[in-house]
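The values are calculated or read from the model by the stated rules, or taken from the named source; none is laboratory data. Model, not experiment: these values are computed from the prediction. Cβ placement follows ideal geometry from the backbone for every residue including glycine, while neighbour counts extend to all protein chains displayed.
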Amino acid sequence: MKKLLLLFLPVCFSFVGDDPVEALNGSFKMTKKKYGDAKEWTISDESLDVKVFKNGYWFNAKLRPGNKELNGICGGRYDLKNGKYNEYVDYYSWDSTAVGSVYTMNYKVSKEEYHQYGKMNSVKWPNYDVNEVRTRLNASEPLKNDALEGVWLMQEGYWGGTSRFGEGKYKGFSVVKIFSYPLVVFAYYDAVNKKFDGGGVARYQFDGQTLTETNELWSWNMSRRGKTETHKITLKDGKLIQEGWEGKLREVFAKAN
């Protein structure tokens, strides 16, 4: 009996559990890629191309070469099961038929790099090979206060005009804001009707009261790229209240589960 147990134990311990979603947390920029039937790697050009992971949510945005025009934005949720990365698409500006899809890919992650490879499938890109290598973004200084780190979902929004979150053009919309230092990213979308309105990317710093964002992408008006804005932040009863634009902006977010 003892011999049988000794033979059985190594088999038991050879099983490895799924990685927690936090294993991918971070912000990454594209280094090299192979798409479709390409045989050789394409080195990433000068355009902004970032992918952000945080606590089961992902976001990807890219600018065209020259960094003056939006190439596209997509995102949603993810999990890690059976050694695979499963990407659930909630918004996809390049091709709305991808919304609602789940793409299962291989992945590798380290302190320096993230690599994913597999296939996506949409009307525009059927059975399409995707192979991407990204380098982790480093901050120029430590984050002063990490209270904003995580994923936040908008509950209220007002921007000084006639538009309000949940009304008019934004009826049925969701807004997700992801803080994954050194980046903060966000997207406005309606997953049910496969609509995408816009999104943004900024480098951020937070001192406990003031959020400082330096825009790298703001799809509604790319002239804001490179501009730095400050916002008053109040954290109360599990909510994030963001105010700025000289009183014209007020947004209320709740932490995603």
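Please specify each residue of the range 141-170 satisfying the condition of being in contact (Cβ under 8 Å) with a residue 60 or more places away in the chain, part of a strand (DSSP E or B) and either in contact with a His (Cβ under 6 Å, 6 or more places away or on another chain) or not small (Gly, Ala, Ser) (or both).
Val151, Trp152, Leu153, Met154, Gln155, Glu156, Tyr158
Determine if the range 38-46 includes at least one residue that is under 21 Å from Val185 (Cα atoms), surrounded by fewer than 18 Cβ atoms within 10 Å (Cβ to Cβ) and modelled with pLDDT of 90 or more.
no
Residue by residue, here is whether (1) more than 16 Å from the chain's Cα centre (by Cα); (2) acidic (Asp, Glu); (3) in a loop (DSSP other than H, G, I, E, B) holds:
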site	(1), (2), (3)
Asn67	yes, no, yes
Glu87	no, yes, no
Ser122	yes, no, yes
Asp129	yes, yes, no
Arg134	no, no, no
Ala139	yes, no, yes
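Which residues, taken from the range 187-199, are free of Cβ contacts under 8 Å to residues at least 40 places away in the same chain and surrounded by 22 or more Cβ atoms within 10 Å (Cβ to Cβ)?
Tyr188
Say we look at the range 24-58 and pick out the residues that are among the polar types (S, T, N, Q) and assigned to a strand (DSSP E or B); which of these is farthest from Pro182 (Cα to Cα)?
The residue in question is Thr42.
Could you check the range 210-229 and list, in sequence order, the residues that are within 18 Å of the chain's Cα centre (by Cα) and in a strand (DSSP E or B)?
Passing the criteria: Glu213, Thr214, Asn215, Glu216, Leu217, Trp218.
Kindly establish whether Arg164 is of a type in the set (D, E, K, R) and within 29 Å of Asp45 (Cβ to Cβ).
Judged against the criteria, Arg164 is not a match.
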